[in-house]
Structures are given as structure tokens and as C-alpha cells.
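The values are calculated or read from the model by the stated rules, or taken from the named source; none is laboratory data. Everything numeric here is computed off the predicted structure, so don't read it as measured data. A quick note on method: Cβ atoms are made from the backbone with ideal geometry, for glycine too, and the neighbour counts reach across all protein chains shown. In case anyone asks, the SASA skips ligands and DNA or RNA and just uses the protein heavy atoms, side chains included. Shrake-Rupley method; radii C 1.70, N 1.55, O 1.52, S 1.80 Å.
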Amino acid sequence: MEQYGATTNLSRQCGDVQSQLKVRKLKSEQSYAELIRLSRERSVMHSTLAILQWDAEICMPRGGVKHRGDQMALLAGLVHDRSTDPRIGELLSDVEGSSLVADAESEEAVNLRELRRDFDRETRLPRRLVEETARVSALSSQAWSEARDRDDFKSFAPFLDQTFVLAREKADALGYKDVRYDALLDDYEPDMTTAQLSALFEQLRSQLVPLVDALRDRPKGEHTRVPEREFPVERQRAFAEAAAAKLGFDLECGRFDLGPHPFCSMIGPGDVRIAARYQPGNLTNGFLGVMHETGHALYEQGLDPAHYGTPMGEAVSLGIHESQSRMWENLVGRTKGFWMHFYPQLQQAFERELGDVPLETFRAAMNQVAPGLIRVEADEVTYNLHIVIRFELERALLDGDLRAADVPAAWGERYRKYLGITPDNDRNGCLQDIHWSESLIGYFPTYTLGNVYAAQLFEAADRAIGPLEDAFAAGEFSTLRTWLGENIHRHGKRYRAAALVERVTGNPPNPSALIASLAHRYG
Ligand code: ZN
């Protein structure tokens, strides 16, 4: 009897535990569903900021800047309120440790991990700081644009100082272990540290400077004359847009505009926009700019729309984003195979200008290595040196070791040291980039990370599905696009950047593939 009774008690207890587990499971599922709903709403709100930003750069009249600053500050504040709602903290705690997220690579676990990270970071930032940063960015980018047009750094300097004061406050609010810069870098490249970056840059710099010096002394051939011809902008535009579509940019879900600088804007699923800039005297820059932005756009269009508004539907990091753009720009758009396919069409579009220029001359001109003052026009070899300079300067500005007023001199000194040239004015010097005016501090290094990742990923793709250049020569680009979609795009934020690179290539991120690729193609 007793035994029977004991069994009954036991089974009753088991029943209790089971129903408790069921309740817990149900609760974590409900909490998870609510988290996802809130995350989606937040993304939709955030995307309205993206369209305001796009509009400010593409069509807003100058007089609208003050009102736009107010709009963006208010919206940024509202997004911040929603992102830091204590309810999110409760929901995260409900789900953490539950069976729903037991598998660390499942979509639920990935979403939870990233939502927790975002929540913890956002809650450390005061609303006032978020609003103030949005407001100052709007005013500062306008001030930068006017200062650049007039080559008047002095008028921009107070904005630059203010931007770095706010950035310092942000870094201190977020917290960091070693150096302040780590806190900001983490926004763009989670898990990457200043120490790791410094080591990587040092490795690159020590091998690139001698390569640049060797190439500088090489005699220039006939080909240097090609870029000096005039190429009507409308025809450049038609050609570049057709090429982007051929690579797979979906025009049903995207559009092209002319902008003050090239960029790609993800407004939402089905709406990815490319802004391009063309100059009549330079065919290559405008075209490669479009190839670059197309790489960004293909990544955004390759994300799984079913996961929109959640980390599983978002890009891993800016470094990985940049690996996509740099790959299509440099490792595809500069290759012989690519131009074997496209050059006859280009010659047809510019019969008078290029009819007598052989393919090899055109390619040699496009791939010339020559230290220049402008980052976005830099060749592949010198490009990373432009980034090293910005990385060093923004760290000094952030720590207060450099004041805005001293930036032009510090800029000139480093260009002399690393590239052997000196800017003749600030327009071609420290006023050339929009980033600092938009409070994007810690962003520049992701360009070099993108080059590093791109070389590793392309090498892996070529091993798996190559030789890719033969495919390009045959006008076949979907093989690479599909491979990137399956290996990178579709995973959203499932893996952090370093883990993703290692998973796909077999090696952790390192500059060997980039250095080998540059030495092979240019050395
Ligand atoms: Zn880019």
C-alpha cells in the first residue's frame, strides 16, 4: 500500500514537475514571440530614420537641415525609449536558460544573444546623449559639406570637437576594458579590439609600404593617358546600372540615384538604394563605386526577408558588409575575366573615347598603383594606408590627445610619412570623408577588415566553385552570388565575424590572403 501510495505521490510529483516545465516552456515561447514583435517594430521605426537620412543626402533642400535635425533627434529618442523598455529586460530573462535557446546556433538562441547585447548596450546610454548625437550629426554633416565645398576647415572644427566630446561620453557610458576606442569599435565590429586591429594594421603596413615604394619607382607606360579622356556622365550611368543589374542587383527591390558620394541605403525589405557619383574625367571611379555599393546591396537583398527585423535577418558586422562590397569592386570588378565580358559593351557605349584602346591598356590604367590623396579613389594597394591614418587620428581625437584645430597638420604629416605625399588643401585632406561629421567613430577600420575578409572569402569561393574568373569571362556571376548567399548572407547574425570567416575559409581572420593577393596581382 505504502509503496503504491509512494508511487502515486511520485507520479503526482512528476506530473507537477511536468506541468511546471510545460508552463515554463509556454511562458518562454510567449516571451520570445513578444521580443520578436518588439524587435520588428523597432526595426521599422529605425528604417524611418534611414529614409530621413537618405532624403537628407539625396533631395532635401539646404534650408531643411534644422527641421531634419529635430526630426531625427526625436525619432532617435523614441527608438532609444523602445530599445531600453524594462519590459524587454523581463522578456529576455524569461527566455534565457530555457530549452527554447538550448542550441546556441538555433535562430532563437542567436536572436536572443544579439537582442541581449543590444539591450545591454542601449540601456547604458542616456536618452539625452542619443538625441544630442542625432541632432549634432545632422547639423555637423551639413557644416562639413559646406566646409568641404569652400575648403574651409575652420568652420567645421567646432563641430568636429563637439562630435568627439559626445563620442567620448558615449564610450565612457558603454564602458570598456582596455582602451576607450574598443567601446565604439564594438558598435560596428562586435568582439574586435583595438589591440587586435593595431596588430593587423602593423602587419599590413610593414608589407604594404615597401610594395608601394617599389611600384612608385616603376616606369609609367602609355596607359596613364586613358583616364584623362572625357566620358559623358549619362552614358557612364547607364553602363554602370546595367552592369549592377547583370551582377544580380534586383531593380524591382532597389533603385539608383545620384548623390554627393557613393553609398548604399537599406530602407527595408524590397527597398535597397544605391547612390552613385560620376565624374566626366574619370570613368573608373564612378564605375567601381557602383560595383562597391552593389556588393553592399546584394548582401542586403540576400538577407532572409522572413527574418526581417530580427538579428537573424541582419548583416553580421560592418567588416563583413564591407567584405562583400570590396569583393565585387576589387576581386570581381577589376579582373581580366570581368572585363573580357564587359569591355566590348563599354567600348560600344564609348566608341569615340575607347574605340582605339585595347582591353589590356584599359585594365592597366584601371589597376595603376599610385599613392593619392583621396581614399575613395585609392588603388587596392595603398587603400589600407589611408585607413591606418584615420584609425590613428580618431583614436587620438577620442582620447583628447589631438584637438580638431590640429587635425589638418596631423593629417598632412601622416600622409607624408605613409604615402609620401602632402595634401595641397583640406578639401583633398582631412575634409574629404563624411564619417566623422556623422558621428561614425570607430567605423573606418571596418574598411580594412572588409579587405582582409574579402580576400579570405574569395579564395575559399574560388577553391569551392572556381575558377571564378572563367565564369566572369563568360558573363556568369550568379555562381559567386549564390555561394555568398548560402555561406554568408542567409545566416544573418548567426555567427560573429571571426567565427563566420573561420567556418567558411578554415582560417581565423588574418591578412595573409590579402597580402598574397595584392603581391600576386601587383607585385
Ligand atoms: Zn562600403
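Residue by residue, here is whether (1) away from the ligand (no atom under 16 Å from the Cβ); (2) surrounded by 21 or more Cβ atoms within 10 Å (Cβ to Cβ); (3) in a loop (DSSP other than H, G, I, E, B) holds:
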site	(1), (2), (3)
Arg416	yes, no, no
Ala454	no, yes, no
Glu469	yes, no, no
Glu476	yes, no, yes
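Here is the figure for segment 501-523: residues that are within 19 Å of Asn487 (Cβ to Cβ) and of a type in the set (Lys, Arg) total 1. Screening segment 318-339 for residues that are of a type in the set (Lys, Arg) and in a helix (DSSP H, G or I) and picking the one that is nearest to the chain's Cα centre (by Cα) gives Arg326. Taken across segment 149-165, residues that are over 25 Å from Arg427 (Cα atoms), at pLDDT 95 or above and of a type outside the set (S, T, N, Q) do not occur at all.
Can you pull out the residues in segment 323-339 that are within 16 Å of the ligand (Cβ to nearest atom) and open to solvent by 10 Å² or more (accessible area, probe 1.4 Å)? Of everything in segment 323-339, those that are within 16 Å of the ligand (Cβ to nearest atom) and open to solvent by 10 Å² or more (accessible area, probe 1.4 Å) turn out to be Arg326, Glu329, Leu331, Arg334. Taking the criterion of being of a type in the set (D, E, K, R) and within 19 Å of Asp401 (Cα to Cα), the residues of segment 155-177 that qualify are Asp161, Arg168, Glu169, Lys170, Asp172. Please determine whether any residue of segment 53-65 is closer than 21 Å to Glu314 by Cα, in the same structural domain as Ser140 (by TED's automatic domain parsing) and in contact with a helix residue (DSSP H, G or I) (Cβ under 9 Å, 6 or more places away or on another chain). Within segment 53-65, one or more residues are closer than 21 Å to Glu314 by Cα, in the same structural domain as Ser140 (by TED's automatic domain parsing) and in contact with a helix residue (DSSP H, G or I) (Cβ under 9 Å, 6 or more places away or on another chain).
Residue check: is Glu122 farther than 21 Å from Arg24 by Cα, in contact (Cβ under 8 Å) with a residue 40 or more places away in the chain and touching a His at 6+ places or on another chain (Cβ under 7 Å)? Write out each step before concluding.
Details: farther than 21 Å from Arg24 by Cα: yes; in contact (Cβ under 8 Å) with a residue 40 or more places away in the chain: yes; touching a His at 6+ places or on another chain (Cβ under 7 Å): yes.
Answer is yes for this residue.
Looking only at residues in segment 513-522 that are among the small types (Gly, Ala, Ser) and surrounded by 15 or more Cβ atoms within 10 Å (Cβ to Cβ), the one that is farthest from Val212 (Cα to Cα) is Ala513. Scanning segment 85-122 for residues that are under 26 Å from Ala171 (Cβ atoms) and more than 25 Å from the chain's Cα centre (by Cα) gives Asp85, Pro86, Ile88, Gly89, Leu92. Taking the residues in segment 102-131 that are among the acidic types (Asp, Glu) and assigned to a helix (DSSP H, G or I) as candidates, determine which candidate is surrounded by the fewest Cβ atoms within 10 Å (Cβ to Cβ). Among them, the one singled out is Asp120. For segment 418-451, name all the residues that are more than 14 Å from the ligand (Cβ to nearest atom) and either under 21 Å from Val369 (Cα atoms) or among the β-branched types (Val, Ile, Thr) (or both). Across segment 418-451, the qualifying residues are Tyr418, Leu419, Gly420, Ile421, Thr422, Pro423, Asp424, Asn428, Gly429, Gln432, Ile441.
Can you list the helices (runs of 4 or more DSSP H) found entirely within segment 1-101 that contain at least 3 residues being at pLDDT below 95 and of a type in the set (Ser, Thr, Tyr)?
Details: elements: 2-58, 65-83, 86-95.
Helices (runs of 4 or more DSSP H) meeting the threshold: 2-58.
The condition of being hydrophobic (A, V, I, L, M, F, W, C), modelled with pLDDT of 95 or more and under 24 Å from Phe342 (Cα atoms) holds for only one of Val290, Val272, that being Val290.
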